1. Go through the stretch 128-161 and give me each residue that's outside any strand (DSSP E or B), within 17 Å of residue 61 (Cβ to Cβ) and aliphatic (A, V, I, L, M).
2. Within the stretch 94-117, can one find any residue that is hydrophobic (A, V, I, L, M, F, W, C), over 17 Å from the mean Cα position of the chain (by Cα) and closer than 29 Å to residue 214 by Cβ?
3. So in the stretch 174-222, with the set limited to residues that are within 11 Å of the ligand (Cβ to nearest atom), in contact (Cβ under 8 Å) with a residue 60 or more places away in the chain and of a type in the set (Val, Ile, Thr), which one is surrounded by the most Cβ atoms within 10 Å (Cβ to Cβ)?
4. Any chance the stretch 229-237 includes a residue that's surrounded by 15 or more Cβ atoms within 10 Å (Cβ to Cβ), acidic (Asp, Glu) and not in a loop (DSSP other than H, G, I, E, B)?
5. Take the residues in the stretch 113-127 that are assigned to a loop (DSSP other than H, G, I, E, B) and crowded, with 18+ Cβ neighbours inside 10 Å, then tell me which one is nearest to the ligand (Cβ to nearest atom).
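Every number in this text was worked out from the coordinates using simple rules, so none of it is lab data. Predicted, not measured: the structure shown is a model, and the values here were computed from it. Cβ: placed from backbone, ideal geometry, glycine included. Neighbour counts: every protein chain shown.
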Amino acid sequence: MDEKMIRDTAHILVQKKPWIVLTGAGISTESGIPDFRSPGTGLWENVDPMEILSVRTLREDPRTFYRLGLSVLLRFRDAAPNLAHHILARWEREGLTNGVITQNIDDLHRRAGSKRVLEIHGHLRSFLCEQCGSDTPTTEVEKQVKSRVPPLCGCGGLLRPRVVLFGDMLPPVFQEAEELARCHPLMVIGSSLQVSPANFLPSLAPVLGVINREPTSFDQRAVFVLRQSAAETLTALDKFVKELV
Ligand code: APR
């Protein structure tokens, strides 16, 4: 890793703080969760997301949704936050950052201690009843689907995951994410920025930085682009940031 590039980037981080961070699946690969589009290992290489994780499948073919889709969603629930999640949580406490907007549904930022986490693709902690709007813990739904599909709420209504499925509208928290992106420097970590409207956020930011293994279509706008792993890069940056604050 180029030490001068890391040192210069640490200066930019401190000069322009506080940053908002936008994360994608790439920040969780070092927790053992494959991302979606890395050649050869991305999750979408083997399954067609539109087939199994869409609102249409949930409605028209709940058996496929709850037999296949749920297993994809829950496959990595035992993953643990990695160093990148922990450094971001500390940077929030230290005031270098002011919150994380995440496309991930793995709950790893919150479990690492980040307080302001905007889950724009939802989360897997509970399921929503489409009739009464109440929450049912995911563990309860997992028990139910062993014997009946689709799972039902106590009121008889259909239960659906609180993640954003293909064909869903984004949750209201996306508006808050837009406002944050408009008025803070934005650091993207581990996202191909191929999925809208999440990939609209970097175009709003007054200042943009990118930490991603592969090139993204926003790199030419960024004031820094670091093309290594998230955990390794944040660890290296953290060393210089500590000297500067
Ligand atoms: N460090 C840095 N970058 C990484 C790492 C890592 N350890 N591992 C992977 N990457 C990069 C990959 O090079 C890739 O560009 O992270 C990026 C992940 O991109 P995607 O797999 O497209 O994931 P993401 O951008 O989060 O996808 C957005 O697509 O299918 C939907 O809802 C799903 O939230 C997801 C959305």
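1. 145, 149
2. Yes, the stretch 94-117 contains at least one residue that is hydrophobic (A, V, I, L, M, F, W, C), over 17 Å from the mean Cα position of the chain (by Cα) and closer than 29 Å to residue 214 by Cβ.
3. 188
4. Among the residues of the stretch 229-237, at least one is surrounded by 15 or more Cβ atoms within 10 Å (Cβ to Cβ), acidic (Asp, Glu) and not in a loop (DSSP other than H, G, I, E, B), which makes the answer yes.
5. Filtering first and then ranking leaves 121.
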